[in-house]
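Notes follow the structure.
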Amino acid sequence: MKLIVTDQAGVVHELEALEGWRAMEVIRDWGLNIKAECGGACSCATCHVYVDPNWADRLHPPTEEEENMLDSAADATEESRLSCQIIMTDELDGLELTLAPSAAKDEAAA
């Protein structure tokens, strides 16, 4: 399955994803510019992404814990999600995400 990710520089990447993996793990393992400091524990907002509006209704709603973490991201929008909370499934094949500037581990790329 594919995960389509636009990085902070506007470059689109088509990543091979595995069912059951967190979108954050896929993005990180392909070497894109994402901090993902807590490793998927939903205790930071450093894997912040924007979900393409065409995909938003296909994701499970954010938990209160995720919403609280997103409140700490200065660049959060209605399309914001934490990529560690998006579990890849066949239904999400082709999911389109954009890395938020605040997720950049390389500040120069933000």
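The values are calculated or read from the model by the stated rules, or taken from the named source; none is laboratory data. Predicted, not measured: the structure shown is a model, and the values here were computed from it. In this analysis, Cβ positions are derived from the backbone assuming ideal geometry, glycine residues included, and neighbour counts consider all displayed protein chains.
Odds and ends about this structure:
- Filtering the range 11-20 for residues that are within 12 Å of Ile87 (Cα to Cα) and modelled with pLDDT under 95 leaves an empty set.
- Looking only at residues in the range 35-56 that are within 10 Å of the chain's Cα centre (by Cα) and not in a loop (DSSP other than H, G, I, E, B), the one that is surrounded by the fewest Cβ atoms within 10 Å (Cβ to Cβ) is Tyr50.
- Residues of the range 58-110 satisfying the condition of being farther than 22 Å from Ala41 by Cβ, outside any helix (DSSP H, G or I) and in contact with an Asp or Glu (Cβ under 7 Å, 6 or more places away or on another chain): Glu96
- Enumeration of residues in the range 23-71 that are under 12 Å from Leu82 (Cβ atoms) and among the aliphatic types (A, V, I, L, M): Ala23, Met24, Ile27, Ile34, Ala36, Ala41, Ala45, Val49, Val51, Leu59, Met69, Leu70
- Residues that are buried (at least 20 other Cβ atoms within 10 Å of the Cβ), outside any loop (DSSP other than H, G, I, E, B) and not hydrophobic (A, V, I, L, M, F, W, C) within the range 8-34 comprise Arg22, Glu25, Arg28, listed in sequence order.
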